[in-house]
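The values are calculated or read from the model by the stated rules, or taken from the named source; none is laboratory data. What you are looking at is a predicted structure, and each value in this text was computed from that prediction instead of being measured. Using ideal geometry, Cβ is built from the backbone for each residue, glycine included, and neighbour counts are taken over all protein chains shown. Calculation scope for accessible area: heavy atoms of the full protein, side chains included, ligands and nucleic acids excluded. Shrake-Rupley method; radii C 1.70, N 1.55, O 1.52, S 1.80 Å.
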Amino acid sequence: MTRYYLSELSIEGFRGINNAGDPLRIKLAPSAVNSISAPNGVGKTSVFEAIHYAIFGEVPRLAGLQAAEQPETYINNRFHPGGASIAMTFTADDGTPDIQITVQRSAAGIRAATSTTGHADPEGFLRSLREDFVLVDYRKFARFIDDTALIRGRSFASLVGLSRYSTLRRALEGAKHPQSLNADFEVRVVETEIRTGEREFSDQARLALGAYTDVTSQTAADLADIPALCAAVTDALRGIDLLKGSLGTADIMAADLDELYKVVEVAEGGPLRQQHAALSAQVANLRELAPGFDEAAERTSLVRTATERDDALLKAGSSLLRELYRSASAVVADESWSDPFLCPVCDTKTEHLLDTHIAAKLAAYGHADQLNAQLGGSIAGAASIARLGKLEAFTPLAVTAAERRHATITADAAKNTLTTTSLQEAFVALDDYEAKRVSLLDQAEKALASIEKQLPPSLVAVTRVLDGAKRFRDAITNHGTTTNTLTNNRRRLKVRQDWRTFIGKVADAFAGAEAALAAKRISDIESEYQDFFKDLVRGGPNVQPTLTRAQDTEQVELLLADFHGLKGVSARALLSESYRNAVAASIFLAAARTQKGVPRFMILDDITSSFDAGHQFSLMEGIRCKLQQPTNPDGLQFIILSHDVALEKYFDTLNGTLDWRHQKLQGMPPVGRVMISAQEADRLKADALGHLNAGQIDIGAPLVRQYLEYKLGQIISRLEVPVPPDYATRGDRRTLSTYLSAIIGAVHLFHKAGICVLTSQQITDLSTRHGLAIMSNFVSHYETNAGAPFNAYALIGVVQSIDDLANCFTYQDTTRTPAVTKFYQRLDRR
């Protein structure tokens with residue numbers, strides 16, 4: 001896999017960096033430690049935040065603000081006339097072409113990423129850089145120690161390249177959760193449809209068997225042989241002389257029953273037969289609405305389950321609070337919610353991951369949810385509830401729409417919002433409807449008996465047989481439809497159950513594999529982070545920090561193997577702040593070194609803020625000597641941002657060596673420019689030449705002097721030129737002549753000693769050409785204010801002489817392709 005260093009950065013209009021029309025440009029060496037120092041308030045943190053925004057899409061400090069504070073309005077520099085721009089160049093470690101990406105944020109807050117090198121997916125490339133180790137500040141170190149074991153485990157997973165596995169594990173765990181299955185695959189809906197189908201299946205079988213007995217005067221145990229039952233019913237009808245001719249060869253399922261009714265009606269000869277048929281149908285319907293033998297027990301069980309659910313909810317908390325947790329969980333889980341620590345309800349920052357906290361709160365409702373699910377399933381399959389709906393829809397009972405409860409009861413049960421009171425009120429209504437049903441049935445039976453006395457007995461018997469045959473056929477037809485529906489629903493449920501079994505096994509298997517891999521990654525770096533920690537705290541107690549990963553969870557515990565003789569004690573509870581940071585630094589750096597992802601750089605912002613002085617230097621030396629590429633062929637590129645004065649001296653000492661490059665930020669943010677030290681010289685030169693070419697000598701001449709002073713100071717600093725005590729200790733005694741005198745004198749001294757690294761031509765040019773020209777003309781003029789003022793052409797010549805003078809202290813490094821110009825390391829060596 002091609003991995004990338006960060007080789008150049010350009011920032012304009014972002015946070016504290018204004019630089020309108022003149023971006024802050026920072027060049028970074030992939031093969032050396034890059035340090036950037038600046039006093040507080042000069043823009044160092046803005047550099048860190050700019051890279052973070054470009055890669056991760058947010059500014060961490062602003063993400064912690066409340067929405068009322070309008071954090072998005074503080075991303076762009078308030079004093080910049082346009083939007084923000086962050087341009088980055090990434091250099092491949094395998095020699096493939098660089099990738100340049102520019103992230104722009106308009107004044108309206110619209111983000112856009114483009115690639116000047118033609119990368120097809122700039123945002124996708126930036127997403128590939130989103131590793132936990134890429135941008136690390138002091139707070140991330142501190143959180144790693146102080147966080148809970150679960151959050152630490154997830155952070156560590158990201159550090160060692162397992163974040164995707166950790167995320168997938170959580171997704172699989174969620175997928176196998178019963179509530180997820182119920183919601184995603186409508187398992188509860190299918191189960192309800194099956195219960196309803198089974199009840200209808202049983203009802204239709206009961207009706208068919210009852211009608212069979214009425215027609216044939218025989219009994220059947222079940223509907224196992226429907227064709228035989230149909231044949232018996234057909235034979236019974238064909239045995240009636242009045243119907244034989246009209247029935248013909250058709251069986252009961254194909255017979256025209258309406259025609260048979262007309263035959264009976266003609267034989268009876270009057271409307272009394274129609275009244276008899278209507279009353280017979282009403283009696284049959286009222287009898288079908290009678291309660292089952294076990295309805296009382298079923299109703300008692302439903303109320304008991306609802307009451308137990310209420311008790312469980314009372315212990316867990318308000319159902320409204322649960323809904324609030326659910327809504328908050330949905331918001332936090334949404335991809336648009338960028339901060340996992342920001343509460344969407346109270347808009348405040350928390351110290352723990354919200355999804356974990358909310359999940360724990362919702363888990364307290366687990367028993368209540370189980371009872372709610374049990375109640376919902378029972379309601380869906382309850383014969384008493386189904387009978388309530390049929391009674392409400394039965395026209396003779398005249399139940400108004402406002403009085404009906406069945407639809408509300410079933411809907412609330414499906415949503416887990418059915419109250420015990422509503423259930424009890426429904427049963428009271430059911431008792432009332434039952435009383436009315438019994439009364440109507442009594443009236444209908446009496447009226448039917450009265451009519452039957454007026455009809456010939458033979459016709460009454462024929463009508464009863466014909467009514468029974470119709471009920472039998474309707475029940476068999478409905479039974480067939482219900483059977484097909486039930487079969488399909490059972491097949492649907494089996495698919496879901498098979499998936500539940502499969503995803504459960506996959507989730508368990510993956511969790512085990514992820515845990516084993518995480519444990520192996522911990523084991524792989526254990527000796528390295530322990531050795532690194534030992535080097536950091538050299539001279540202090542080696543407490544041997546140890547990471548342990550639980551097998552069945554993502555939790556990672558941080559323990560001390562030996563704390564003054566105590567074994568396996570908590571690092572968080574016992575270590576001082578400096579030692580905690582040393583532990584975090586050791587783990588982060590050891591873990592980052594194992595990474596093989598796209599980013600091959602690590603940016604550290606003020607990570608030594610609370611380190612002891614000795615630990616600071618130990619950390620820097622560890623990075624330089626063990627972790628930085630190419631000292632370590634598998635190492636990373638390190639970019640260190642710091643405002644520490646002691647470390648700045650250390651950076652200055654190493655600057656210019658093969659494995660260290662140090663730069664300083666200068667400027668007056670957020671209104672003025674922010675510049676890197678090398679960039680400041682280029683800007684001075686460009687500004688001076690710009691004014692001189694425009695004939696603005698009064699403005700250009702002082703800039704030429706500043707440029708000369710900067711270049712002379714750079715030569716003294718880079719080559720460690722010996723200077724008089726006044727130069728070293730008193731800034732007010734520094735003049736251009738003392739700069740030049742010190743440099744030329746040092747070159748003559750080293751040349752006389754035969755150890756000067758400058759070539760003979762460079763020494764000659766310095767003494768007889770460039771140095772003399774600058775000293776005798778420009779410097780003398782400025783320090784004495786004598787003679788006629790310089791014209792623009794003469795000052796442009798001075799700028800050229802300044803560059804020529806600086807070139808006397810450089811050489812061509814031909815070990816690189818192409819060759820590069822570099823300053824000598826000292827006057828006596830390259």
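If you take the residues in region 513-529 that are free of Cβ contacts under 8 Å to residues at least 12 places away in the same chain and small (Gly, Ala, Ser), which one is farthest from ASN182 (Cα to Cα)? Before you say what the answer is, go through the steps one by one.
Step one: filter region 513-529 for residues free of Cβ contacts under 8 Å to residues at least 12 places away in the same chain, giving 513, 516, 520, 523, 527.
If we keep only those that are small (Gly, Ala, Ser) too, we end up with 513, 516, 523, 527.
Values: ALA513: 27, ALA516: 31, SER523: 40, SER527: 46 Å.
Filtering region 513-529 for residues that are free of Cβ contacts under 8 Å to residues at least 12 places away in the same chain and small (Gly, Ala, Ser), the one farthest from ASN182 (Cα to Cα) comes out as SER527.
Please indicate, with yes or no, whether at least one residue in region 92-112 is within 19 Å of the chain's Cα centre (by Cα) and β-branched (Val, Ile, Thr).
no
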Residues (closer than 17 Å to LEU448 by Cβ and either in contact with a helix residue (DSSP H, G or I) (Cβ under 6 Å, 6 or more places away or on another chain) or not in a helix (DSSP H, G or I) (or both)) located in region 233-263: none
Filter result (touching a Ser or Thr at 6+ places or on another chain (Cβ under 9 Å) and modelled with pLDDT of 90 or more) within region 111-138: ALA112, ALA113, THR114, SER115, THR116, THR117, ASP121, PRO122, PHE125
Residue under evaluation VAL428, criteria (1) touching a residue at least 40 places away in the same chain (Cβ under 8 Å); (2) of a type in the set (Val, Ile, Thr); (3) within 24 Å of ALA383 (Cβ to Cβ); (4) open to solvent by 40 Å² or more (accessible area, probe 1.4 Å), criterion not met: (1)
Helices (runs of 4 or more DSSP H) enclosed by region 530-645 - at least 3 residues per element that are surrounded by fewer than 15 Cβ atoms within 10 Å (Cβ to Cβ): 613-622
Of the criteria (1) under 20 Å from LEU342 (Cα atoms); (2) open to solvent by 20 Å² or more (accessible area, probe 1.4 Å), which one GLU49 fails: (2)
Tally, over region 133-177, of residues that are closer than 18 Å to TYR529 by Cα and out of contact with any helix residue (DSSP H, G or I) (no Cβ under 9 Å at 6 or more places or on another chain): 0
Residue match in region 386-404 (condition: out of contact with any strand residue (DSSP E or B) (no Cβ under 8 Å at 6 or more places or on another chain), free of Cβ contacts under 8 Å to residues at least 24 places away in the same chain, part of a helix (DSSP H, G or I) and open to solvent by less than 40 Å² (accessible area, probe 1.4 Å)): yes
Residue in region 794-830 that is farthest from HIS748 (Cα to Cα), counting only those that are surrounded by fewer than 16 Cβ atoms within 10 Å (Cβ to Cβ), modelled with pLDDT of 85 or more and among the acidic types (Asp, Glu): ASP803
Boolean, THR307 is open to solvent by 40 Å² or more (accessible area, probe 1.4 Å), part of a helix (DSSP H, G or I) and at pLDDT 75 or above: yes
Verdict on THR2 being in contact (Cβ under 8 Å) with a residue 24 or more places away in the chain and either part of a loop (DSSP other than H, G, I, E, B) or out of contact with any Leu (no Cβ under 9 Å at 6 or more places or on another chain) (or both): yes
Looking only at region 473-484, and only at residues there that are β-branched (Val, Ile, Thr) and open to solvent by less than 30 Å² (accessible area, probe 1.4 Å), the one that is farthest from GLN555 (Cα to Cα): ILE476
Any chance THR116 is within 19 Å of ALA585 (Cα to Cα), hydroxyl-bearing (Ser, Thr, Tyr) and touching a residue at least 12 places away in the same chain (Cβ under 8 Å): no
All positions within region 405-420 that are touching a Leu at 6+ places or on another chain (Cβ under 6 Å) and either among the acidic types (Asp, Glu) or surrounded by fewer than 20 Cβ atoms within 10 Å (Cβ to Cβ) (or both): ASP412
Test for ALA228: is it over 60 Å from the mean Cα position of the chain (by Cα) and buried (at least 19 other Cβ atoms within 10 Å of the Cβ): no
Options ALA296, ALA281, ALA277: the member that is closer than 30 Å to LEU423 by Cα and assigned to a helix (DSSP H, G or I): ALA296
Scan of region 485-522 for residues that are open to solvent by less than 60 Å² (accessible area, probe 1.4 Å) and closer than 30 Å to THR192 by Cα, ordered by number: LEU486, ASN489, LEU493, ARG496, ILE503, GLY504, VAL506, ALA507
Condition met for VAL747 (at pLDDT below 80 and closer than 20 Å to PHE823 by Cα): no
Any hit, region 807-821, residues being in a helix (DSSP H, G or I) and not charged (D, E, K, R): yes
